[in-house]
Amino acid sequence: MIKIIPKQSFKNIPWKNGEGVTLELAINDDGHLADFEWRLSIAKVDKDGEFSDFSGYTRNLVLISGKGVILSHNENQIDRLNSQLDFSIFDGGNKTIATLVSGPITNFNLMTKTKNFVSSVETFSGLQNVILKNSLLCFIYGLDKELEIISKKARISQNMADGGLMQIFNNKQSDLVVTGQNFIVAYIDRK
C-alpha cells in the first residue's frame, strides 16, 4: 500500500533538549516524542551544540542543505558530512556534538527503536532509476520534489511534485521504481 503524506500535515515539534524545533514528517501510530517506534523528521541547526539524548534508538542523519557538519560521538568517533546527501548512522544514546562547518545546516532524520527495528537510508543525487528493496516500511523524500514512482505490475504512477513524503507499507513487489534526482529512501524492517 502506498500513502502520500502531504507537507501540510508535517508538524513542528520542540527538540527534547529545548534548543530548537524539528519538523516531524511521520511517526508511528500513537507515537510521541517521549516514546515512539520510528520517526522521520527534518531539523534546521544554526549553532554548534549537543544532540538530544535518544537512548535506545538508532539514528540515520542525512545532510540536506548547508556547507557541512562534523559529528563527534562519545569523543571517539567522528563523522564528517560535507556534501548534500552525506549521511551518518549512530546510536541515539551517544553524546553527539555537532560542529557546523560554515553556517546553518538542515538535516533529515530517521530514528528507530533499536531493539525492535533495523533501519537504513540510501541517498541519490544525479538522475536515477532506483528499484526499491523489499521492506516492512519504505519512505521516499525528494529534495527537488520532482520524483516519479512507478509500479509495472500494478500500473501505478505517482508524481511527488507537491513536496510530500511517500510511505510504502509491506513492499514485497520488488517492481517499484523511483525516477528522479536528489532524494532519500529510508527503509525500516523488524528485527
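Nothing in this text is a laboratory measurement; each read-out follows from the coordinates by a stated rule. On a predicted model such as this, the values are computed, not experimentally measured, just so you know. Heads up, the Cβs are rebuilt from the backbone with ideal geometry, glycines too, and the neighbour counts pull from every protein chain shown.
What do you get for GluC sites (Glu not before Pro) in region 1-105 restricted to DSSP loop and a cutoff of at most 15 other Cβ within 10 Å of the site's Cβ? Loop-located and lightly packed - E19, E75.
A simple count of charges around N74, restricted to other residues whose Cβ falls under 11 Å of its Cβ and scoring Lys, Arg +1 and Asp, Glu -1, yields -1. Selection among L25, F51, N82 by position relative to the dipole of region 20-140 gives N82 as farthest towards the positive end (Cβ unit charges, Cα centre).
Taking the Cβ of K47 as the centre, find all other residues whose Cβ is under 15 Å away and add up their charges (Lys, Arg: +1; Asp, Glu: -1).
-2
Listed by chain and number, the aspartates and glutamates placed with their C-alpha closer than 15 angstrom to that of K11 are E24, D29, D30; residues fewer than eight positions away on the same chain are left out.
About its Cα centre, region 10-114 has a charge dipole of approximately 260 debye under the convention of +1 per Lys or Arg Cβ and -1 per Asp or Glu Cβ, with nothing else charged.
The mean sequence distance of close C-alpha pairs (under 8 Å, at least 6 residues apart), as a share of the length of the chain, puts its relative contact order at 23 percent.
Quick check: from the Cα gyration tensor, does region 32-191 come out rounded (a/c under 1.5), prolate or oblate? In terms of gyration-tensor shape, oblate.
Subtracting the Cα-Cα distance of S102 and V177 from 0.36 nm times their residue separation leaves 23.4 nm of extension gain.
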